[in-house]
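Okay, structure first, notes after.
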Amino acid sequence: VSADPVSGNIFGASAYDSTVMANGNEGYTPYSDSMLALGPSLNLLGYYQPVQSNSFPCGGAPCDLDFASTPVYFQPVGCPAMVAAGNKNGNLYVFRVSDLEASGQPIQILSLNDPYDSIGLGGVAGVPAFSAANNMLYIGDAGNGVTGVAAGIVALSVTSSCTLQIAWSNQLASGNDIPNSTPTFANGVVFIGEGLTGIIHAYNAQTGLQLWQSGSNYKAAATFAAPMVANGKLYAGSWSSFSGGGLVGAFAIPSTNPILAVSPGSLSFSATVGGSSPAPA
């Protein structure tokens, strides 16, 4: 779960319902497969249960419709407090905190990946990372992605209307039903580990340019846990093989060069021929 540091309210996402329908999918009862807002005493404030497809792809019935993630609590510049969480249907659900607490509707539903009941072959899972420094949210996933969005690491910038839009995305190795780690943001860099190879990647958080990757120097078979930054070092815990065993790696944090960026990246105007000029922007 995550928490609002001011109110003490708690935000979580629930998993599957034990009821299986005739088509092999899960049933749907209150509070299963839902985003939840709870008070400090864990009393229910509000929840949201998305409508799911009747033909949800899976490796074998029953098909999980889980959120399989933790809603991240964040407050972008100029916006109210918000929460966002990914679902195995490939969508990211974005809420104003006040709306979720009132059992309202999301402000936005973003399609980022193929639907699949295994987070190694589709869906959106894990814990998003938010950067207040550049007003961006980062998602880690695995699979094919969708048109215009690569699956692996996805960066979303906050618009003036407090919605999210794709800033950049980079594909990571995927397959064999194995998920990637969730991302970590620190010092202008986003770090993420590959589940299929164990390689740790570092990207410029603003542009998506890869700054470094651990390659064969780090003898990991899989990195599922989010990397951690502390005391000027990057630490990663990984499996050393898929039959057992693990290792911890410590790395120097890559330096970043100064980058000039403009936000927003584009402006649009509309006017009628023979009419007045559009308003300046």
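Structural remarks
- The Ala133 and Ala61 beta-carbon pair, evaluated with R₀ = 41 Å, returns a calculated FRET efficiency of approximately 0.35.
- Counted by Cβ distance under 15 Å from Gly193, the other residues give a net charge of -1, where Lys and Arg count +1 and Asp and Glu count -1.
- Approximating the spin labels as points 7 Å out from Cα along Cα→Cβ, the Ala250-to-Thr159 distance works out to 4.5 nm.
- Using a probe radius of 1.4 angstrom, the carbon and sulfur fraction of the accessible surface of the chain is 54%.
- Springs join every pair of Cα atoms under 10 Å in this Gaussian network model of the chain, and among Gly123, Gly78, Gly249 the largest mean-square fluctuation is at Gly78.
- DSSP beta bridges in the stretch 1-101 [antiparallel fraction, %, rounded to 5]: 95
- Solvent exposure of the chain amounts to 47 Å² per residue of accessible area, where only protein heavy atoms count and the probe is 1.4 Å.
- Surrounding net charge for Pro183, when Lys and Arg each add one and Asp and Glu each subtract one, Cβ distance under 14 Å: -2
- Protection proxy ranking, peptides 179-186, 90-97, 107-114, average beta carbon neighbours within 10 Å, highest first: 179-186, 90-97, 107-114
- Of the residues Phe56, Ala225, Gly126, the one whose Cα sits farthest towards the positive end of the charge dipole of the chain is Ala225 (charges of +1 on Lys and Arg Cβ, -1 on Asp and Glu Cβ, taken about the Cα centre).
- Loop-located chymotrypsin sites (Phe, Trp or Tyr not before Pro) in the stretch 217-281 whose Cβ has at most 14 other Cβ within 10 Å (DSSP): Phe242, Phe269
The values are calculated or read from the model by the stated rules, or taken from the named source; none is laboratory data. Please read these numbers as outputs of a predicted model, since none were measured by experiment. Glycine also receives a Cβ, built like all others from the backbone with ideal geometry; neighbour counts cover every protein chain displayed. Just the protein is used for accessible areas: all its heavy atoms, side chains included, with ligands, DNA and RNA removed. Shrake-Rupley method; radii C 1.70, N 1.55, O 1.52, S 1.80 Å.
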